Amino acid sequence: MNRKELNEIRNHFNPEAKYFTMDRVLTAFIDSQRTVRGVCLRDASLISSPESQILYETMKKVLNVNLGKQSSELPFRNHAYSEDGAQACLSTLLASELKKEDVALQFLGRLAETVDSDAPYAVLMAYCQYNPPRKNKMDELETDFTDQVFRYIVCALCPIAKTEGTLVYNQFDDEILRQENPNAVISKAPADGFFFPVFSDRATDVHHVLYYTKTPNTPNENLIDAFLECDVETTVEEDQADMKEVLGSLLGDDLTYETVTAVNEKLNEIVAKNKTDDSPTEVTGRILHRMLAEAGVPEEKLVDTEKVFEEHVESTLKPERLVASKTVIKTPEIVVNVKNSAKDKVRLDKINGRHCMVIELDEALIEVNGYDLKVPGVLDPDAQTPWGE
């Protein structure tokens, strides 16, 4: 399932979408003692508009198109296909169309038992149907349909918090007073979620599940491993650390500002291409070798690239996890954020024996703490620099 296919599902996850219907909704509460409570199965068409809108908005967050970071397509392990396995459980739930309470309770019981959580959470789930229209040679949606209706479930696990007392204005008594709220508030931002089956080659794929997490560096490993029966991926932070190890071991002191920013530019190009490619590109030792060569690193420094990569990386790295949205330069006292489009306006140099960062300015006007300031005029070449000795 690539980003283009996930984006197609997400764009049609809308009550106004003509190729899509949300048929049934399941809501439930799992308390801190792992007890399932408040189970409710309903026809989506009978839910009031204000509540329905919140359900749509919350579950749509699970269909996050940031594949490789917040969303990951995971294959089921072999045991998941057994009678008591995760894939079998989800397939039974899907086949029930969220119409059978006993099937829903079995799913919720498994979830409560296997997901280790000391905090209560809400389960919001929907059974949906999408009738994929055909695409023409220009990759545009046609008006006629494919032969297969894509049926799926999307599930959001939302944290619950009890609000503290607040000050409110009582219009009847014309006074401000404290009011307690005994109800638990369900967050509109899911902590985790999943989407099953996945939409690959614009068709149903029951051998994978899409896992979503709000926090890429702290995924819910228990949900992935014990409940979904999938292998836990490395975190974004771990992948970035692996990449740093590879570049550090390979180039050492020859790793320059220009090399780092050039590699990031190449990663950006791969990420942009992956948005539409059926087979997304991942970073291997060979691809890293090519990126570094294109960044101007001498070939003699790259002889062991694939070997060093294999020593530090288990298999491959997802470029979406490695790419930086901006260039950040840090010293103990200074942090400079540079847009990637302006990376060439910065250079590191040694001037009058001192290590310097030189920033090229398009205009002699900058802003400091909200104040517009003019940059001093160019010094005479023979004049003493401000930091001269």
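Hey, residue 315 hits all of (1) modelled with pLDDT of 90 or more; (2) loosely packed, with under 10 Cβ neighbours inside 10 Å but one; which does it fall short on?
(1)
For residue 278, are the conditions met, namely being surrounded by 17 or more Cβ atoms within 10 Å (Cβ to Cβ) and either among the acidic types (Asp, Glu) or without any contact (Cβ under 8 Å) to a residue 12 or more places away in the chain (or both)?
No, not satisfied.
Would you mind listing the strands (runs of 3 or more DSSP E) fully within the range 325-386 where at least 2 residues are surrounded by 10 or more Cβ atoms within 10 Å (Cβ to Cβ) and at pLDDT below 90?
Passing ranges, in order: 365-368.
Yes/no matrix, rows are residues, columns are (1) acidic (Asp, Glu); (2) touching a residue at least 60 places away in the same chain (Cβ under 8 Å); (3) more than 30 Å from residue 358 (Cα to Cα):
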| residue | (1), (2), (3) |
| --- | --- |
| 222 | no, yes, yes |
| 251 | no, no, no |
| 257 | no, yes, no |
| 261 | no, yes, no |
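Can you tell me how many residues in the range 161-189 are over 18 Å from residue 30 (Cβ atoms) and in a strand (DSSP E or B)?
Looking only at that region, the number is 10.
Yes/no per residue for (1) of a type in the set (Asp, Glu); (2) in the same structural domain as residue 88 (by TED's automatic domain parsing); (3) in contact (Cβ under 8 Å) with a residue 24 or more places away in the chain; (4) in contact with a Leu (Cβ under 8 Å, 6 or more places away or on another chain):
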| position | (1), (2), (3), (4) |
| --- | --- |
| 160 | no, yes, yes, no |
| 172 | no, yes, no, no |
| 175 | yes, yes, no, no |
| 197 | no, yes, yes, yes |
| 209 | no, yes, yes, yes |
| 226 | no, yes, yes, no |
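Quick one: residue 291 ticks every box in (1) within 21 Å of the chain's Cα centre (by Cα); (2) surrounded by 14 or more Cβ atoms within 10 Å (Cβ to Cβ) except a single one, so which number is it?
(1)
In the range 257-287, which residues are under 13 Å from residue 322 (Cβ atoms) and of a type in the set (A, V, I, L, M, F, W, C)?
260, 263, 267, 270, 271, 283, 287
Would you check if residue 77 is touching a helix residue (DSSP H, G or I) at 6+ places or on another chain (Cβ under 9 Å) and on the phi > 0 side of the Ramachandran plot?
No.
Could you tell me which of the residues 48, 71, 117, 52 is of a type in the set (Ser, Thr, Tyr) and under 30 Å from residue 319 (Cβ atoms)? If you could, list the steps in order and put the result at the bottom.
Working: 48 fails: under 30 Å from residue 319 (Cβ atoms); 117 fails: under 30 Å from residue 319 (Cβ atoms); 52 fails: under 30 Å from residue 319 (Cβ atoms).
That would be 71, the only listed residue that is of a type in the set (Ser, Thr, Tyr) and under 30 Å from residue 319 (Cβ atoms).
The values are calculated or read from the model by the stated rules, or taken from the named source; none is laboratory data. Being a predicted model, the structure only gives us computed values, none of them experimental. Please note: Cβ atoms are built from the backbone with ideal geometry, for glycine as well, and neighbour counts cover all protein chains shown.
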